[in-house]
Amino acid sequence: MRNVAKTTTLENKFPLLAVENNCILSKDADITACFEVRLPELFTVASAEYEAIHSAWHKAIKTLPDFTVIHKQDWYIKESYAPDLAIEDQSFYQSPINAISTSDRS
């Protein structure tokens, strides 16, 4: 038996047609709009601010048309904390006893 498979190029199989004006156009006429939203750092907002952010997200998502797909991606960065022990007048939250580095949490 001979191999009679047809050859093709990657461009023929790749589903994207173009990227223009922060939108991705597919060969099936799908349009993807890309946005970057910067949210506050974890545990840095009060409950009223959190409710306002949640309400804004809910209102924005509710206005989208049917068959809309949303992809939200969160990024977490691991950092270490080194307190400045030379400072004498520190509050409870700045105290080295309460400073826990993220490497200790792992």
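Fewest-first ordering of L64, L17 by other beta carbons within 10 Å of each residue's beta carbon gives L64, L17. Within the range 1-78, the GluC sites (Glu not before Pro) that combine a DSSP coil assignment with at most 11 other C-beta atoms in a 10 angstrom radius are E36, E41.
Coordinate-derived values only; no laboratory data. This one's a predicted model, so the numbers in the text were calculated from it and none came from an experiment. FYI the Cβ positions are ideal-geometry reconstructions off the backbone, even for glycines, and counts take in every protein chain you see.
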